[in-house]
1. List every residue whose amide H lies under 5 Å from the amide H of Asn688, counting only residues 5 or more places away in sequence or on a different chain, with H placed 1.01 Å from N in the peptide plane.
2. Check Arg438: other-chain or 5+ apart residues with amide H under 5 Å from its amide H, H built from backbone geometry?
3. Return the sequence-ordered ³J(HN,Hα) values of the stretch 476-491 in whole Hz as given by the Karplus equation 6.51 cos²θ - 1.76 cosθ + 1.60 applied to θ = phi - 60°, using x for Gly and Pro.
4. Please arrange Val329, Val107 by how many other C-beta atoms lie within 10 Å of their C-beta, fewest to most.
5. Once you list every other residue whose beta carbon is under 10 Å from the beta carbon of Pro422, what net charge do they have if Lys and Arg are +1 and Asp and Glu are -1?
6. What net charge is computed for the residues neighbouring Lys53, neighbours being all others with C-beta under 13 Å from the C-beta of Lys53, Lys and Arg scored +1, Asp and Glu -1?
7. Just rank Arg250, Arg342, Arg278, fewest to most, by other beta-carbon atoms within 10 angstrom.
8. ³J(HN,Hα) across the stretch 8-20 via Karplus (A = 6.51, B = -1.76, C = 1.60, θ = phi - 60°), whole Hz, x for Gly/Pro?
Amino acid sequence: MTQVAIEQENKEIAKQYKELLRISYQTLSDEDKVLIRSAFEVAVDAHKNQRRKSGEAYVFHPIAVAKIVASEIGLDATSIASALLHDVVEDTEYTLDDIDRMFGETVARIVDGLTKIAGLKKDMNTSQQAENFRKMLLTLHDDVRVIIIKIADRYHNMLTMDAMPEHKQVKIASETLYIYAPLAHRIGLYNIKTELEDLSLKYTEPEVYTDIYDKIEDSKEDQLAYIEAFSNIIDKSLKKEKLQYTIKGRMKSIFSIRKKMKAQNVAFNEIYDKFAIRIIYDADEENEKFIAWKIYSIVTDHFKPNPVRLRDWISSPKSTGYEALHITVMGPKGRWVEVQIRSERMHEIAEKGYAAHYKYKHGEQKEQGIDIWLNKLQEALENSSASAVDFVEEFKLNLYAKEIFVFTPNGELKSLPKGATPLDFAFNIHTEVGMRTRGAKVNSKLVPLNTTLKSGDQVEIITSEQAKPNQNWLDYATTARARAKIKSSLREEKKVVAQDGKEVLRRKLKSQKITLNEDTINKMVIFFKLKTSLDLFYRVGIGAIDNQMIKEFASSYSNAFISFFKNKIRRNPAPEDIDKDEITSKYDVLVFGKEEEKLEYKLSPCCNPIPGDEVFGFVSVNEGIKVHKKNCPNAIQLQSNYAYRIISAKWIDSTQEEFQSEIKLTGIDNLGLINEITEMISGNMHVNMRNLNFSTDGGTFTGTIIVVVKNKSILKKLINNLKRINGIDKVTRL
């Protein structure tokens, strides 16, 4: 570069710095300005020999990120300084100790969090984006500002991606759609979320993006004329009430228009609500609510509202802090139009998210908003044993899903993700309540535990000391917290059953003159094609491995075939050594969707899943359902681009699968007989009954019972026990 060009560039850097201070949303003290100046000087020095792919000085990037943090997100001086320094430790000779010494512990902690995210290996075959995201969330234990600056960093990268090769553009854009846009939405950064979505579409579907963009530009005049026509009709009534207000129109984002076109299968011109009208009014906090409803009343006096499209975020603000009244009315020219009514304060919160909370709250109150949000993240992080893709999916489910608001019997309001069930509600109240759930009432009516709750429902949980989680609960619960607690309880229960099973096995082997030791256990695990000794003991405990099967093992134990098992043990078999088809047919079944249907499928060759792996189904165009491992290298790409074609799938242990069976009983009618029968089935054997039907005739009775059992041996034991009851003549399985 020539001397003139260098001088010109330095002038531009200085100009950008001054603008950074000028556009800061928070009021900066002299101390703040000193901190920002120092961070700026270190950033300029650290990056002095670096250039971006576009050729410009690298320092323009941290300054641009700091400007987004200062103005569009509106954070404090600490955040602005951290944004300026966010790449210093990763890319230059400065160390974290240097940052700590110069700027203090808070800035150092934030920069460290950002460095950890950026410094992850990029060449791993596993789902790298999910793993990155997981690590990113774990940094939230330190400071939520890490995430906010990371979003700003990603936003600026998306704005300046033109110089990158096309395959990288598509990859970064997909990752942005999958991770950063929903996260920005969850923090309340709606503007940035919209920008990230639109920019991602620009690279993933450039033709679609350009087409919609051009059509929006062409319809701008029509839009302005429509807003004016709408304003003119209500202007007089609003002025009569002496209200200070402005009316603005906002075009829906390109991404959301594209989403609507796909969902409704219509062209651009057929979408009726392409823009929203905002009425932003001036009011002190005491009168805000009253004035909002007054404006609502005026608007609905002039335009007919759609009653099912009223959203009252003023009485119940979103957990991001968003407040507004949304109504859809029939506007001029017979068009439905969304009207958003919000005060200046609400508008700032909508534009800036949590930053606006900082501005209007002080001291302890200022911290509480962030604390509530961090607690929600904490819940999703609790189940940290999940695989990376599972983790992202559960996190998205909990924190990005639209919220519903339900009431406790005492009228307390609880926020849950959309799709939550009474079981989620129970665990939301308290873990003990969840664990002891026996049933639920919604709006005073008894409902199944997998009922989907709706906003406004009043939910009452019925508990019992005898109740405990069962395998089906995993299909009833959707929140990470509930699922983690249920899984933990089931694991504990399995261990208890396995403990009893071990003693049963010891006795049964003793009768076959075989000692239960490590060598025998290994041989049995291989003989029954299992993975662990826990599986073996558990199956014996529930009766899935019965006397006959143990006898078969005992006879093989003493014949020449035993050398085969010795070789197996010496090789310490990996899962690949086990015959996949035999496992699938004997112990493992692949089921799809919430209903756990058995469908036709193919195992994908790219990751070659075997029974027991964590998997999902992908509905391909020509080859039906293809099954991939959740940590397959293609998993995130499929999740990013084709989420609507993903179907949940899991291998189920055939011994865990439950079957319905109908039993017919006949005998002499005695007083209390039915009570004795049900006590034996439910009380003694802990078997579930689905249906009970008894009829008497001339002192005899006939009855049918539908029971749910895990395997044939439990059913056989049940029938034998029923035959022993006094008065029962015959028990047959239908």
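1. HN-HN under 5 Å from Asn688: Val708.
2. Ile462, Thr463, Ser464
3. 8, 9, 10, 7, 4, 4, 4, 5, 5, 5, 5, 4, 4, 5, 5, 4
4. Values: Val329 19, Val107 24.
Listing Val329, Val107 from fewest to most nearby Cβ atoms yields Val329, Val107.
5. Working: positive: Lys441; negative: Asp424, Asp457, Glu460.
Within the 10 Å Cβ shell, the charges total -2.
6. Values: positive: Arg51, Arg52, Lys168; negative: Glu56, Asp162.
Net charge in that neighbourhood comes out at +1.
7. Details: Arg250 14, Arg342 24, Arg278 19.
Fewest-to-most Cβ neighbours within 10 Å comes out as Arg250, Arg278, Arg342.
8. 4, 5, 4, 4, 5, 4, 4, 5, 5, 5, 4, 5, 4
Values in this text are rule-based calculations from the coordinates and carry no lab data. This structure is a prediction, so every number in the text was calculated from the model and none was measured. Positions of Cβ are generated from backbone atoms using ideal geometry, with glycine treated the same way; all protein chains shown enter the neighbour counts.
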